[in-house]
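So the structure is just underneath, and the comments pick up after that.
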């Protein structure tokens, strides 16, 4: 899934002298204080850590009370969703105006009705709320299903994602996986602007370092 | 669109949705007409008629659908109006609409999560102007508040993390009205037993325990305890004739004694609030025990105890939470508590806390009726071996300052034995365990604990030892008759930990009724000794029978009323004769142990003999 990355960090953990007889516990508890908070240095939310302490020697740092600094290398699993990334989450609530999902069990995502493409219509079937696609009857979004959406923005403090279902490759994950040909081809009924937008997105993601202006111009000329 | 239009409710729901959305969007642009009307509708709360209620509900529902248009800066006044609404002021229709709006707001944008949670936590308590409207309103509000908190946490999984901090921060301070504090505490306990219990509950419980200590510290015994009381307190074991609840026999003495204490405590607001709060927690612990989750809750309580109660200066009442919890589950919690205390004594870091821990342990082992005697023996053994190991390699002679921990340990051992000796001797296995413990070696060591520890305890202990013919210790001390020696004062330190008996009878009336069935009173123990001594004459030491937890109403002699003082003095006179005679005076009730004496003296005061 996009947004997850593994990194290796060289860290120094400063411990209070009272922890000298159990440093590994103290290090683990220090590292666990990093969990589920956005960290600017690492550039993401720390989800998991795997430390490996390199040596038994630690440098004593002078100060009000002498802390000792333990050097270690840690593998960290980071979560950093950026705009336009595609994420998946479990749907927890549907309302006529929004879809709420939870990503990786800890991050809440909301898709407001402005960001849900017109293709989806909100219905209440048998007491249950569901979003059904007008073009493909089998494409449904229900509570408990896995939703695939693009990221609009990410609130780093509360780890809240604002998402969008405007792109055709978003929606109910299961249906999308089974019917890749249905949505991956350019839809002739879609508006010209939508098409341009889609193609530009695809181009920019594939081309690294090339100027982005060029593909735009080329498309406009062709169409 | 004027106000009249809104009142006429001429829109359908979806039309109103659109209007509200447009109002919000227009307000960002600067056109605030409809927006201001919306704010005005939200602000209305006094005596709403049906149409106004319907309008409010519809507006709230419309806003629920339009939360994506709400902007935290441009719609400040609207948000402020919504978040200052109190569920207590409205009927269930408005409540339901409001909580839906809160859920929608919280899940739509991270900025609103904390604000919504804070509003819900503030709704734990009724607003100041709210007149008590009875239980039904309370149930309606609180049920909704808690289910909303759960709903929000389903949508925003990190809610418990934020809620922890908010619950702690919003806790009312101790000077607020009792009913406010109580209702907040009830809500904390409800969170603890709810789905978020694991995450939010333990923080809430710890915050409650901290609040108990805050109250405890507020109640000072200076009002009731005078400095020179101990001069009059010799030889007094006031058999409190406080009747059990069902006993209707009245005695003038009891009323005055009881009245004295109650007068102090009832005039002290903090004491009342503390009493009610502790009873609330007791009831909660009982329900946890019935639900089978007492052990988890107890672990949180134990951690909190070690952090705040143990380290507080001579906590007076808060520790009874632990006592009650242990009484509900003696095998697990009861033993866990004792083991934690002895571990702190044996291998803790801070000497003052170690002394405090052993004082707690001694008082606990002496007073807890529910602890099996074999466990008491095991704990004693650990204490003795710890002291033995300490003094084995000591060349020093008597030195109260340098060997505080040792003297504290010895005193603890003697105190426990004063209460439990009889029970230990009755069982042959435990008797031999006791005799093998090397208590003589410890107490006869040249560090002279018998000369340093609190005299009243030492004398009582020696008397018992002589009566039962165990150990080989000196019969009496040289300095007989003194209340305390300089030496015990030295080893006790500034904190006077030599006179700290934390589980001396609880003086809060409501709490006491919970503690009483599981509590060992000194008179219960002493009377067992007297049974055997029927034939013996009175001894000099009978007068000095009082134990440190003894029931000496300090305030009595310097009591609040002269008449009280007189009555007390006369009853004191009666008590200053031998127990046998006094049992005559009291109709032999002591012998029949139909009354449960209660101790009145706060344990912070010097004990009498």
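The values are calculated or read from the model by the stated rules, or taken from the named source; none is laboratory data. Note that this is a predicted model, so its numbers are computed, not measured. Every residue, glycine as well, gets a Cβ built from its backbone with ideal geometry; the counts of neighbours run over all protein chains shown.
Things worth noting here:
- Flag: residue B:97 does not match the condition of being crowded, with 20+ Cβ neighbours inside 10 Å and within 11 Å of chain A (Cβ to nearest Cβ).
- Considering the stretch A:24-35, the residues that are in contact with a strand residue (DSSP E or B) (Cβ under 6 Å, 6 or more places away or on another chain) and not in a loop (DSSP other than H, G, I, E, B) include one that is nearest to residue A:46 (Cα to Cα), namely A:31.
- The residue that is surrounded by the most Cβ atoms within 10 Å (Cβ to Cβ), among those in the stretch A:81-97 that are over 17 Å from the mean Cα position of the chain (by Cα) and more than 7 Å from chain B (Cβ to nearest Cβ), is A:94.
- Qualifying residues in the stretch B:482-494 (those that are assigned to a loop (DSSP other than H, G, I, E, B) and surrounded by 15 or more Cβ atoms within 10 Å (Cβ to Cβ)) - the one modelled with the highest pLDDT: B:493
Conditions (1) part of a helix (DSSP H, G or I); (2) touching a strand residue (DSSP E or B) at 6+ places or on another chain (Cβ under 8 Å); (3) touching a residue at least 40 places away in the same chain (Cβ under 8 Å), marked per residue:
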| position | (1), (2), (3) |
| --- | --- |
| B:432 | yes, no, no |
| B:441 | yes, no, yes |
| B:446 | no, no, yes |
| B:456 | yes, no, yes |
| B:459 | yes, no, yes |
| B:464 | yes, no, yes |
| B:467 | yes, no, yes |
| B:472 | no, no, no |
| B:475 | no, no, no |
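- The single condition among (1) part of a helix (DSSP H, G or I); (2) under 43 Å from the mean Cα position of the chain (by Cα); (3) surrounded by 15 or more Cβ atoms within 10 Å (Cβ to Cβ) that residue B:16 does not satisfy is (2).
- From the list B:38, B:55, B:48, the one residue that fits, being at pLDDT below 85, surrounded by 15 or more Cβ atoms within 10 Å (Cβ to Cβ) and closer than 18 Å to residue B:101 by Cβ, is B:48.
- In the stretch B:70-81, residue nearest to residue B:58 (Cα to Cα) [restricted to those that are part of a helix (DSSP H, G or I) and out of contact with any helix residue (DSSP H, G or I) (no Cβ under 6 Å at 6 or more places or on another chain)]: B:79
- Condition met for residue B:425 (in a loop (DSSP other than H, G, I, E, B) and in contact with a helix residue (DSSP H, G or I) (Cβ under 8 Å, 6 or more places away or on another chain)): no
- Counting the residues of the stretch A:47-75 that are touching a helix residue (DSSP H, G or I) at 6+ places or on another chain (Cβ under 8 Å) and in a strand (DSSP E or B) gives 8.
- Residue within the stretch B:299-306 that is within 14 Å of the chain's Cα centre (by Cα), crowded, with 21+ Cβ neighbours inside 10 Å and not in a helix (DSSP H, G or I) present: no
- Which listed residue is over 30 Å from the mean Cα position of the chain (by Cα) and surrounded by fewer than 14 Cβ atoms within 10 Å (Cβ to Cβ), from B:440, B:395: B:395
- For the stretch A:135-144, filtering for residues that are in contact with a strand residue (DSSP E or B) (Cβ under 6 Å, 6 or more places away or on another chain) and either surrounded by fewer than 18 Cβ atoms within 10 Å (Cβ to Cβ) or closer than 25 Å to residue A:35 by Cα (or both) leaves 2.
- Applying the condition of being assigned to a loop (DSSP other than H, G, I, E, B) and touching a helix residue (DSSP H, G or I) at 6+ places or on another chain (Cβ under 7 Å) to the stretch B:335-383 and asking which residue is farthest from residue B:323 (Cα to Cα) yields B:348.
- Within the stretch A:153-166, considering residues that are in a strand (DSSP E or B) and either buried (at least 20 other Cβ atoms within 10 Å of the Cβ) or within 10 Å of the chain's Cα centre (by Cα) (or both), the one farthest from the other protein chains (Cβ to nearest Cβ): A:165
- Looking only at the stretch B:109-163, residues that are part of a helix (DSSP H, G or I) and away from chain A (no Cβ under 13 Å) come to 20 in all.
- Test: residue in the stretch B:503-517 that is surrounded by 16 or more Cβ atoms within 10 Å (Cβ to Cβ), out of contact with any strand residue (DSSP E or B) (no Cβ under 9 Å at 6 or more places or on another chain) and more than 30 Å from residue B:277 (Cβ to Cβ): no
- The set of residues from the stretch A:105-129 being away from chain B (no Cβ under 14 Å), surrounded by fewer than 18 Cβ atoms within 10 Å (Cβ to Cβ) and under 13 Å from residue A:94 (Cβ atoms) comprises A:121, A:123, A:124, A:125, A:127, A:128.
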